[in-house]
1. Taking helices (runs of 4 or more DSSP H) that fall entirely within segment 1-95, which contain at least 1 residues that are under 10 Å from the mean Cα position of the chain (by Cα) and surrounded by 17 or more Cβ atoms within 10 Å (Cβ to Cβ)?
2. Keeping to segment 96-110, report how many residues are in a loop (DSSP other than H, G, I, E, B) and farther than 16 Å from residue 26 by Cβ.
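Rule-based calculations on the coordinates, nothing more; no lab input. All values reported here derive from a predicted model rather than from experimental measurement. Using ideal geometry, Cβ is built from the backbone for each residue, glycine included, and neighbour counts are taken over all protein chains shown.
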Amino acid sequence: MEKIGLVTVTYNAESVLTSFLECVWIQTYKKFKLYVVDNASNDKTLRILKDQPDTRLEIIQNNTNVGVAAANNQGIKKALSDNCTQILLLNNDIEFDKVLIETLYKIKKD
């Protein structure tokens, strides 16, 4: 199984983050790492992230809001340096089915 890097960018996302994380952690495809690039949130976003017990989470904290594109690039570079062979960019205000990663991986293989 290939290691997949999931990348999301947060900025004051406390109102949507818990639901997003729940969707990530229940995925049937387990060989992934979640890279959350935070663009200097000043709400409870970082507290929610730091309270996550899953070791597949990596938080990248920016001191300023560098924008979505630059932050996505930070996450992509980190995922590639961690030997992820696939990258999936996700907005953190979405909710999705537990087979999302598995389904996309199967499509990619076919």
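1. On the way: elements: 14-25, 45-50, 68-81.
Because the criterion is at least 1 residues that are under 10 Å from the mean Cα position of the chain (by Cα) and surrounded by 17 or more Cβ atoms within 10 Å (Cβ to Cβ), the helices (runs of 4 or more DSSP H) in segment 1-95 that meet it are 14-25, 68-81.
2. First pass over segment 96-110, keeping only residues in a loop (DSSP other than H, G, I, E, B): 96-99, 110.
From what's left, farther than 16 Å from residue 26 by Cβ: 110.
Of the residues in that region, 1 qualify.
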